[in-house]
Amino acid sequence: MQLLTFCICTSLAITAIHTVVTRPGMLLYCVSQLFERANMWPFITNPLYNCMICMSSLWTIIFWLGALRPISLTLLFAILIVAGINTIICALLDYLTDYGC
């Protein structure tokens, strides 16, 4: 149950990061514009802020280590679970909003 709670919280945090960085008018939208002007490659911007499914790998590891958990095989399962939750959230955002995912 703790793993599922961790994964849901991580997924919601990733959704929040993605939203405040990529949507015009949000607080950190200037960060995405800065990266675009610097011509950053997608393999850098996607796991940082641009793709919620890609963000699962980087941000799950960061939050996992931030929770002071030891690196184990469970981390791999957590990354996959977060990626799955983010896929569902992306599908819902595409269906329900104008911005999409």
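In the set (1) part of a helix (DSSP H, G or I); (2) touching a helix residue (DSSP H, G or I) at 6+ places or on another chain (Cβ under 7 Å), the condition left unmet by T5 is number (2). Note on region 3-27: residues that are more than 18 Å from T97 (Cβ to Cβ) and surrounded by 15 or more Cβ atoms within 10 Å (Cβ to Cβ) total 4.
Exactly one residue out of L75, L68, L80 is more than 9 Å from the chain's Cα centre (by Cα) and on the phi > 0 side of the Ramachandran plot, and it is L68. Residue-level check: of (1) loosely packed, with under 11 Cβ neighbours inside 10 Å; (2) in contact (Cβ under 8 Å) with a residue 60 or more places away in the chain, F77 misses just (1). Evaluated against (1) touching a residue at least 60 places away in the same chain (Cβ under 8 Å); (2) among the hydrophobic types (A, V, I, L, M, F, W, C); (3) exposed (fewer than 13 other Cβ atoms within 10 Å of the Cβ), V82 falls short on exactly one condition, (3). One residue alone among Y95, Y49 is surrounded by 17 or more Cβ atoms within 10 Å (Cβ to Cβ) and either free of Cβ contacts under 8 Å to residues at least 40 places away in the same chain or assigned to a loop (DSSP other than H, G, I, E, B) (or both), and that residue is Y49.
Quick note: the coordinates plus some simple rules give every number you see, no bench work behind them. Just so it is clear, the structure is predicted and the values come from calculations on it, not from any experiment. All Cβ positions, even for glycine, are placed from backbone atoms using ideal geometry, and neighbour counts span all protein chains on display.
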